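S.K.: Handing you a structure now.
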Amino acid sequence: MSVTEMTFWDHLDELRKVIFRCLGAILIAGIALFTVMPDIFDKVILGPCFGSFPVYQWLATLSQYFSIPSSFCDPSFKIKLINIQLTSQFLIHFKISFLLATILIFPYILFEIWHFISPALYLKEKKSFLFAFILGTLLFYIGISISYWFIFPISLRFLAGYQVSQFVVNQLSLDSYISTFTSLNLIMGLVFELPMLAFILSKLGLIKRSFFKRWRRHAIVLLVFLAAVITPTGDPFTLSLVAVPLYLLYELSGLLVKKDDQ
């Protein structure tokens with residue numbers, strides 16, 4: 001049956017199949033990850049809790065090379081998490097397994113979405129939206145990677161050692177750690193979708209390249225402020241680790257949209 005011959009209920013039935021296939025893939029991947037999660041949890045999720053985490057060693061080496069004082073030079077750094085809820089460990093085991101499963105099969109989910117909507121698009125539209133899907137997938141993973149390797153560990157080191165008073169001792173709960181870990185990484189993954197969003201809006205005729213030129217100065221101030229919020233260390237080096245990628249995303253977004261005369 002061609003696209004033009006399909007009724008509303010045919011489209012609805014096809015959408016239901018897409019949803020079931022995506023949920024089935026998440027379920028299979030989630031169960032597989034659930035069985036190996038203890039190793040993944042110790043080596044990946046809790047990796048930033050130890051001084052041996054690679055980014056701490058890289059920053060320590062850089063600080064020594066440039067003779068800059070750094071709090072990342074302590075190899076004995078270690079964060080001990082406590083659990084205060086009876087069901088937390090099991091629920092977190094379950095939650096992280098299926099969250100990672102969703103992230104890992106994200107390209108397959110996009111493929112299913114693409115397979116569903118592509119018959120209704122013209123050839124030129126297919127090329128544009130396929131490019132947007134591929135770009136969005138790549139940037140999503142890049143955003144999560146930058147957050148995991150740089151932004152989250154740096155924020156963790158600062159916040160774990162910060163004290164409003166010497167009489168208040170930090171004891172980090174497992175729930176608090178996982179909540180910050182997942183939210184920060186996913187937020188950065190979504191922030192890195194800005195170029196894809198700009199590309200789609202441009203194809204719909206909603207924004208032009210002059211928009212990014214006109215608001216560049218304001219965007220720089222806003223992005224630096226956002227980077228300062230994400231990495232509250234006050235260190236110009238760590239601030240630039242976040243601000244520079246965000247600014248490059250802004251410029252990439254401007255390059256992907258149409259020129260005013262197009």
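S.K.: Name the single residue, out of those in the range 129-143 being touching a Phe, Trp or Tyr at 6+ places or on another chain (Cβ under 8 Å), more than 20 Å from residue 14 (Cβ to Cβ) and not aromatic (Phe, Trp, Tyr), that is surrounded by the fewest Cβ atoms within 10 Å (Cβ to Cβ).
M.R.: My answer is 142.
S.K.: Any residue that is more than 20 Å from the chain's Cα centre (by Cα) and surrounded by 14 or more Cβ atoms within 10 Å (Cβ to Cβ) - is there at least one of those in the range 98-112?
M.R.: Within the range 98-112, one or more residues are more than 20 Å from the chain's Cα centre (by Cα) and surrounded by 14 or more Cβ atoms within 10 Å (Cβ to Cβ).
S.K.: Against the definition (over 30 Å from residue 78 (Cβ atoms) and buried (at least 16 other Cβ atoms within 10 Å of the Cβ)), how does residue 202 come out, yes or no?
M.R.: yes
S.K.: Give the range 171-198 a look and list any residue that's hydrophobic (A, V, I, L, M, F, W, C) and either outside any helix (DSSP H, G or I) or more than 16 Å from residue 143 (Cβ to Cβ) (or both), or say none.
M.R.: Passing the criteria: 172, 174, 178, 192.
Conditions tested, residue by residue: (1) surrounded by 12 or more Cβ atoms within 10 Å (Cβ to Cβ); (2) closer than 24 Å to residue 153 by Cβ; (3) at pLDDT 80 or above.
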position	(1), (2), (3)
6	yes, no, no
29	yes, no, yes
34	yes, no, yes
41	yes, yes, yes
75	yes, yes, no
82	no, yes, yes
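S.K.: Give me the pairs: first residue in the range 15-30 and assigned to a helix (DSSP H, G or I), second residue crowded, with 16+ Cβ neighbours inside 10 Å and among the small types (Gly, Ala, Ser), beta-carbon distance under 6 Å, and six or more apart or on different chains, which are they?
M.R.: 26/101; 29/101; 30/97; 30/101
The values are calculated or read from the model by the stated rules, or taken from the named source; none is laboratory data. Given the structure is predicted, the values throughout are model-derived calculations rather than measurements. Note that each Cβ is placed from the backbone with ideal geometry, even for glycine, and that neighbours are counted across all protein chains shown.
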